[in-house]
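The values are calculated or read from the model by the stated rules, or taken from the named source; none is laboratory data. A quick note: this is a predicted structure, and the numbers were derived from the prediction, not measured. Cβ atoms come from the backbone with ideal geometry, glycine included; neighbour counts cover every protein chain shown. Ligands, DNA and RNA are stripped out before the accessible areas are found, and what is left, the full protein with its side chains, is counted by its heavy atoms. Shrake-Rupley method; radii C 1.70, N 1.55, O 1.52, S 1.80 Å.
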Amino acid sequence: MDRVKSSMQQVPNPIPKVLSRRTGGANSLEAEKENFERSQAVSINKAINTQEVAVKEKHARTCILGTHHEKGAHTFWLAVNRLPLSSNAVLCWKFCHVFHKLLRDGHPSVIKDSMRHKADLNDMSRMWGHLSEGYGKLCSIYLKLLITKMEFHIKNPRFPGNLQMSNRQLDEAGENDVNNFFQLTVEMFDYLECELNLFLGVFSSLDMSRSVSVTAAGQCRLAPLIQVILDSSHLYDYTVKLLFKLHSCLPADTLQGHRDRFQEQFKKLKSLFYRSSNLQYFKRLIQIPQLPENPPNFLRASALSEHISPVVVIPVESSSPESEHVVETEDLVDTDIPPLPSVVDSKFDDFFGTSAATDPFNFSQNGMRKDEKDRLIEQLTAELQALKEELESFRLESGRLCQALRGRVNELEAELAEQTHLKQQALGESEFLRVELDDLRRVKEDTEKEQRSLSEIERKAQANEQRYTKLKEKYTELVQSHADLLRKNAEVTRQMTVARAAQDEVENVKKEMQDKLKAAQDSTSQQEKAQLEQLQALQAELMSSRTELETLKSTVTSTQQSSEQLNTQLSALEAEKAGLLETVSQKEAELAGLGVELKRVQSSLTNERESGVKAAEALQNQLNEKESREQALESELVSLRWAALRAALEEAGRIVQDSLNQLEDPAHISCTSSADYLVSRCQVALDCVERLQSARDGFVSDNTDVSGLVRAVTQFAHLVGDVIVQGSATSHMVPVELADALADNVKACGAEAMALLCQLKEQKSMGTADCSRLTSALDTVMALGEKLRPRGLELKQGELGDLVEQEMSATSAAVESAAARIEEMLNKSRAVDTGIKMEVNERILASCTDLMQAIKVLVLSSKDLQRDIVESGRGAASMKEFYAKNSRWTEGLISASKAVGWGATMLVDAADQVVQGKGKFEELMVCSHEIAASTAQLVAASKVKADKGSTNLSRLQQASKGVTQATAGVVASTKSGKSQIEDTETMDFSAMTLTQIKRQEMDAQVLVLELETRLQKERERLGELRKKHYKLAGVAEGWGGEDEGTG
């Protein structure tokens, strides 16, 4: 009991008044409850005091057992609320230590009971946060940690206070949902961050150059770190396991932020564990684990088996330094009054001598009679005994009165300090609520203004949407006109140059309208972005208003002035206390006066408290209304975001559906496209699908920004629609089997796109929307496009340069071989034929020889011009790289060279047949015309990239004219020879009868009709062949694909 009274003297108001004044219970239960509450109050006040020493383990253990006894923390908070935690930093620090122990090892209901005091702990944390050093800053950090711990356990009730869980319980805590594991990992990061902040704060406040861990002050600051080490080890272990689980379910890029944050916390925790393990204070109390040299590699799943959970070991028989160097006083009663009986005895011995006990009166020495001495001794003994009793009673009475007066003075001081504090707090709260009410009114006016501006923005957005619809209609009209132009182009296939110019013009118009449409889309997205920025500005203003409210709350620091006034009053009361010790009667009178004054003050404070409570309730109601309005505004913002997203998704669905509807339009049948262009659009669409999925994931994790998802949806709809239209147009140019397969896959791609957009419209299905089926459909269309690409496009770019040289060389060789064969045929004809036939053969073969020579000159001129083009345009690149870069032009040269070589070979074969009399003159003329067309194609392909003032270009044009003249010579000689030979075969009808002539006439008429019919069919067949040749040549040379740079 003496130690209890000693602890009570260290704190201004040690035991709650409710407990100290409790009367005895009527039964044993009430008595037991009263004893429990008293013992708890004593332990709490012993554990939480102003001495800068570590909290004793036995007192903290008693508090922990008390929470299990009453199944809650009601008694603990009843006692703590009476402590002046806001006026003494050491007292608040030790309270945080004890409270941390209760949260870890106390009854589970301690967390729920303590949440009622969360607001007070927040205010206290902000108040101590204004101090930049000492215990004040540490108290602020520790209180934030305790608040974070309570919030974590409230959100995750499966986690016990000491955080000890098995792997199965950890899996059950996340309910096998990756979203729950993701959020749980973030909360554990925040929890561990608070633990590390306290660690760093304690170490930074200590002078580590000295042995601070062996001093009482150093141990007072280091003692709470034991609880921090226990929590941190579990949090680190669970974080590692959760990150491995997340990496098995989510992409590595999505968890990049988690990995970066873990790396930072890992380095801090490893350093702090190492520094703590070297302190002498922790070596006797706890075995701190050491973390691995490098953090776990979450990208490798097998690394989980290498992870070793850190285990903190607390020795069973550890002598806590908290129990050492403790000075306990056994005498709490004032012993200033010395024991008077001993003083009287000493004086008696000095007067009568020390030998009086054995022979007090020696009659032989003093000569006094025995009877008188006996009587005197008895009288003195009786008086001495009476004095002893009187002095003893006076000493006990004075000690009792002094003790009672001290207790009464302490109670009055505590009550006066409490009433003054409550009065100041009520005044501060009323002033704060009044200012907050003014701010709320001002925020309401600003919100109304922002709402009006938001309505104006919506009106502008609707106008933009109408303009976009008009542009879309204009684009549809242009597409229709494009289809008409293509239809006309099919009718005038003979005029190839004019048709190419018309097609280029149509392509330019299409690109211009696409650019205009893209510009309109960009303007619409910018306006939507501006709307989102204004919404974000509204949110920022709301956050700033909340920050101002928090700043205004920080004005509580003015309570420091009131604490100084209380210290002055306490010093005055100490002076009065000294006066009370001098005279009891004066103090009693003063105490009576103070009692009267106290009653008056209590009555006045009661009235003020009631009025303050009423005002606070009114202001609290207004604050609740303001919070409800903020929640309504927040919900409205969320609904606006979803409305904008749904509008974009619906518009995207209409775009895709419009593309699908075009497949059924009869006018679309005339539209064509190339497989190469289809493949390029499929690749762009696949990239857009990936961006859409990334934007979807970003919106699911943070739904405050919808602009990225809206842009991705808009681009997705246009690209998928383009793939559908281009795929259908490509199917019009391929065989029936491949066309049907391509059309079916294009329709399947559109159906998958519509299904994906429908999933994105719903909040529940957005997070689980799967893009894999759409991606698979696009891959299928792309694979079909690859199959349909012409073989020329399948050549590797590195082979084009070699192929050009090979084809040009082959053409020269074919011309040389043709010239040699013609010379050989001429020699044979001179040796065999005579007369008109020899003359005709010589003239025809001579003209063919001239044509071969002209073709040879043309090929050489083309080679020289190509060499100039490559040298002037390749720069630092090689010749092969130049041909690869200009693959379309290169493929044109290859095609033209092949045609020239093939034409020369066919001309020689036809001439050979004519000379032998087996062929037809018409075949020779057709081959001549074909050679003229092939050489014209070679000249046109060579002139594409040539400079107009080039000398080789002039030579090539001159050689082209020579080929044209030589071709005309071949045709002229062929016609002349044919007429000469036909003239020799004169028609002689002199020997025929009338019947025979009539018969021949009828046969001739039948033959004429048959030939006319056959001529008409062959002309139609020739037209269809030319159409097909034009289309295939266009695909091979990339007329329907994207334009290629000429650099």
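Here are the numbers for the structure shown:
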item: One residue from Leu145, Leu192, Leu138 being part of a helix (DSSP H, G or I), buried (at least 18 other Cβ atoms within 10 Å of the Cβ) and in contact with a Lys or Arg (Cβ under 8 Å, 6 or more places away or on another chain); result: Leu138
item: Qualifying positions in the range 285-318 - within 25 Å of Leu225 (Cα to Cα) and outside any loop (DSSP other than H, G, I, E, B); result: Gln287, Val313
item: Condition broken by Gln965, with the remaining ones in (1) touching a residue at least 60 places away in the same chain (Cβ under 8 Å); (2) of a type outside the set (D, E, K, R); (3) open to solvent by less than 30 Å² (accessible area, probe 1.4 Å) satisfied; result: (3)
item: Long-range neighbours under 8 Å by Cβ, at least six apart or interchain, first residue over 30 Å from Leu598 (Cα atoms) and in a helix (DSSP H, G or I) within the range 384-409, second aromatic (Phe, Trp, Tyr) and open to solvent by 60 Å² or more (accessible area, probe 1.4 Å); result: Leu384/Phe348
item: Count of the range 1-56 residues which are outside any loop (DSSP other than H, G, I, E, B) and modelled with pLDDT under 50; result: 13
item: Some residue of the range 582-596 being open to solvent by 80 Å² or more (accessible area, probe 1.4 Å) and modelled with pLDDT of 70 or more; result: yes
item: Evaluation of Gln164 against (1) touching a helix residue (DSSP H, G or I) at 6+ places or on another chain (Cβ under 9 Å); (2) more than 30 Å from Leu412 (Cβ to Cβ); (3) in a helix (DSSP H, G or I); (4) open to solvent by 50 Å² or more (accessible area, probe 1.4 Å) (one fails), failing number; result: (3)
item: Unmet criterion (only one of (1) out of contact with any His (no Cβ under 6 Å at 6 or more places or on another chain); (2) touching a residue at least 60 places away in the same chain (Cβ under 8 Å); (3) not aliphatic (A, V, I, L, M)) for Pro224; result: (1)
item: Residue that is at pLDDT 75 or above and either in contact with a Phe, Trp or Tyr (Cβ under 7 Å, 6 or more places away or on another chain) or farther than 20 Å from Val939 by Cα (or both), where the choices are Glu786, Glu799, Glu794; result: Glu786
item: Some residue of the range 267-284 being of a type in the set (Gly, Ala, Ser), part of a helix (DSSP H, G or I), over 20 Å from Met188 (Cβ atoms) and touching a Lys or Arg at 6+ places or on another chain (Cβ under 8 Å); result: yes
item: Criterion: at pLDDT 75 or above, among the aliphatic types (A, V, I, L, M), surrounded by 13 or more Cβ atoms within 10 Å (Cβ to Cβ) and in a helix (DSSP H, G or I) - qualifying residue of Ala755, Ala819; result: Ala755
item: Condition met for Leu649 (closer than 25 Å to Val720 by Cβ and open to solvent by less than 60 Å² (accessible area, probe 1.4 Å)); result: yes
item: Count of residues meeting criterion [of a type in the set (S, T, N, Q), within 42 Å of the chain's Cα centre (by Cα) and in a loop (DSSP other than H, G, I, E, B)] in the range 57-110; result: 1
item: Selection from the range 729-752 of residues that are open to solvent by less than 10 Å² (accessible area, probe 1.4 Å) and under 15 Å from Ala675 (Cα atoms); result: Ala729, Thr730, Leu742, Val746
item: Residue list for the range 663-679, filter: open to solvent by 50 Å² or more (accessible area, probe 1.4 Å) and part of a helix (DSSP H, G or I); result: Pro666, Ile669
item: Condition check for Leu230: in a helix (DSSP H, G or I), open to solvent by less than 40 Å² (accessible area, probe 1.4 Å) and either among the charged types (D, E, K, R) or more than 30 Å from Tyr135 (Cα to Cα) (or both); result: no
item: Identity of the residue in the range 623-637, open to solvent by less than 60 Å² (accessible area, probe 1.4 Å) and in contact (Cβ under 8 Å) with a residue 12 or more places away in the chain, that ends up farthest from Glu431 (Cα to Cα); result: Leu637
item: Verdict on Glu445 being more than 18 Å from Leu623 (Cβ to Cβ) and charged (D, E, K, R); result: no
